[in-house]
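What follows is calculated from the coordinates using simple rules that are stated; it is not laboratory data. A quick note: this is a predicted structure, and the numbers were derived from the prediction, not measured. Cβ atoms come from the backbone with ideal geometry, glycine included; neighbour counts cover every protein chain shown.
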Amino acid sequence: MGFKFELVLADSLYGESDGNFISVLNQLQLCFIVAIGSNHGIWLPKGQSIRYNKWRIFNRVFSSGNLEVRYIREIIFGKRRSIRYWQVTTDTEKLPENSTTYPLF
């Protein structure tokens with residue numbers, strides 16, 4: 001139909017559907033950011049572990065122009081892969097459920 005997408009954004013309903021939605025995005029070579037649930041599971045080969053990188057601070061800019069301080073870090077399951085897992089929050093100590101998300105790129 002002539003549409004050209006530079007980036008696909010999707011909520012956790014799509015982010016958890018790795019068997020279809022994400023594989024199609026990869027086949028089409030589209031860049032994407034999708035949310036996953038905090039209970040998302042990953043199978044790791046024996047001897048590999050989960051690493052959490054250092055928190056980095058950034059300002060989230062809302063459409064109103066307001067800013068909110070956020071923190072982001074990469075979560076590495078075993079070896080770094082082409083799809084990367086992140087954790088974004090407003091509070092690195094409490095990780096409040098209503099302001100902590102787990103996007104993957």
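Can you work out which of the residues in the stretch 16-58 that are part of a loop (DSSP other than H, G, I, E, B) and of a type in the set (D, E, K, R) is surrounded by the fewest Cβ atoms within 10 Å (Cβ to Cβ)?
Start the filter on the stretch 16-58 by keeping residues that are part of a loop (DSSP other than H, G, I, E, B), which leaves 16-17, 28-31, 37-49, 53-55.
From what is left, the residues that are of a type in the set (D, E, K, R) are 16, 46, 54.
On the way: 16: 16, 46: 4, 54: 7.
Only one residue fits best here, namely 46.
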Exercise for the section: Filter the stretch 42-58 for residues that are in contact (Cβ under 8 Å) with a residue 24 or more places away in the chain and either closer than 15 Å to residue 92 by Cα or touching a strand residue (DSSP E or B) at 6+ places or on another chain (Cβ under 9 Å) (or both) and give the result. Expected result: 42, 44, 48, 49, 50, 51, 52, 55
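Those residues that are among the β-branched types (Val, Ile, Thr) and touching a residue at least 24 places away in the same chain (Cβ under 8 Å), I need them from the stretch 90-105; list them, please. Lay out the reasoning, then the answer.
Of the stretch 90-105, the ones among the β-branched types (Val, Ile, Thr) are 90, 92, 100-101.
Hits for the stretch 90-105 are 92, 100, 101.
Out of all the residues in the stretch 59-89, which are within 17 Å of residue 37 (Cα to Cα) and either part of a loop (DSSP other than H, G, I, E, B) or free of Cβ contacts under 8 Å to residues at least 12 places away in the same chain (or both)? Break it down into steps so the answer makes sense when it comes.
Kept after step one, since they are within 17 Å of residue 37 (Cα to Cα), are these residues of the stretch 59-89: 72-77, 83-89.
Result: 83, 84.
Select from the stretch 90-105 the residues that are outside any strand (DSSP E or B) and of a type in the set (Phe, Trp, Tyr) and list them in ascending order. Steps first, please.
Of all residues in the stretch 90-105, those outside any strand (DSSP E or B) come to 90-100, 105.
Within the stretch 90-105, 105 is the sole residue that qualifies.
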